[in-house]
Amino acid sequence: QLVDGNNISSLLPLTGFEEIEFKFFTPGTSRAYDFSSSTGHPMKIYKISNRQGLNPRTQIYVLNFASKEMITNEQVKVQRAFENSIDNTILGIVRNELNSDKTLILEETKGIRKFVFPRIRPFEAIDMLTKSAESKKHHTPGMMFYENALGFQFKSYESMLASTDTTARPVVA
């Protein structure tokens, strides 16, 4: 929520093509979510909502923004067949359909699978793939696709909780 005492939204009308740059840091760490032009990942403003006037010269509003990938996800559909491992299929969807150049860390999956996507959004297709993926390193079910400060990640639950890359955390009753 922004407090605007200079009526910026009237002086500089927002048409939906503006970009907003910022960085989020966790206190005590150097790792950050970097949404700046220097990284090539600024956010796109798509809406102003909940506009309220406080007094004749000041207003409050919410500036809504999204990543380039989220906007692309709403604009394109996946409508083709894939025959590959699930991690390579996800790689293809992120690079080709979402047209993303963000860092992508993938955990290898078992087997070659065939998928035919009938005009669904890229993130929906990735969600479908995630539900049927099996890790090559770990023998427990469940994988997750998410984004953090390092980029997009596709990992098994066990690898996110593991002590080392291939050693599972010991079971505690």
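When the stretch 29-69 is examined, which residues are found to be out of contact with any strand residue (DSSP E or B) (no Cβ under 8 Å at 6 or more places or on another chain) and at pLDDT 85 or above?
69
Within the stretch 36-46, is there a residue that is surrounded by 11 or more Cβ atoms within 10 Å (Cβ to Cβ), in a helix (DSSP H, G or I) and within 24 Å of the chain's Cα centre (by Cα)?
No, the stretch 36-46 contains no residue that is surrounded by 11 or more Cβ atoms within 10 Å (Cβ to Cβ), in a helix (DSSP H, G or I) and within 24 Å of the chain's Cα centre (by Cα).
Just name the residue that is farthest from residue 149 (Cα to Cα) out of those in the stretch 64-80 that are open to solvent by less than 40 Å² (accessible area, probe 1.4 Å) and either without any contact (Cβ under 8 Å) to a residue 24 or more places away in the chain or more than 19 Å from the chain's Cα centre (by Cα) (or both). Talk me through it step by step, then tell me what you get.
Start the filter on the stretch 64-80 by keeping residues that are open to solvent by less than 40 Å² (accessible area, probe 1.4 Å), which leaves 64, 66-67, 69, 72-73, 78.
Among the residues that remain, those that are also either without any contact (Cβ under 8 Å) to a residue 24 or more places away in the chain or more than 19 Å from the chain's Cα centre (by Cα) (or both) are: 64, 66.
Values: 64: 20, 66: 15 Å.
Looking at residues that are open to solvent by less than 40 Å² (accessible area, probe 1.4 Å) and either without any contact (Cβ under 8 Å) to a residue 24 or more places away in the chain or more than 19 Å from the chain's Cα centre (by Cα) (or both), I get 64.
Can you pull out the residues in the stretch 1-26 that are open to solvent by 100 Å² or more (accessible area, probe 1.4 Å) and either at pLDDT 85 or above or touching a His at 6+ places or on another chain (Cβ under 7 Å) (or both)?
Within the stretch 1-26, 21, 23 qualify.
What pairs can you find where one residue is in the stretch 104-118 and surrounded by fewer than 16 Cβ atoms within 10 Å (Cβ to Cβ), the other is of a type in the set (Ser, Thr, Tyr), and their Cβ atoms are less than 9 Å apart, with a gap of 6+ or different chains?
Between residues of the stretch 104-118 that are surrounded by fewer than 16 Cβ atoms within 10 Å (Cβ to Cβ) and residues that are of a type in the set (Ser, Thr, Tyr), the close pairs are 108/85; 108/135; 110/85; 110/135; 111/85; 112/85.
State all residues of the stretch 17-35 that are charged (D, E, K, R) and assigned to a strand (DSSP E or B); if no residue qualifies, say none. First the steps, then the outcome.
First, the residues of the stretch 17-35 that are charged (D, E, K, R): 18-19, 21, 23, 31, 34.
Correct list: 19, 23, 34.
The values are calculated or read from the model by the stated rules, or taken from the named source; none is laboratory data. Since the structure is predicted, the reported quantities are computational estimates derived from the model, not experimental observations. Note that we place each Cβ from the backbone using ideal geometry, even for glycine, and neighbour counts take in every protein chain shown. Side chains included, ligands, DNA and RNA excluded: accessible areas come from the protein's heavy atoms. Shrake-Rupley method; radii C 1.70, N 1.55, O 1.52, S 1.80 Å.
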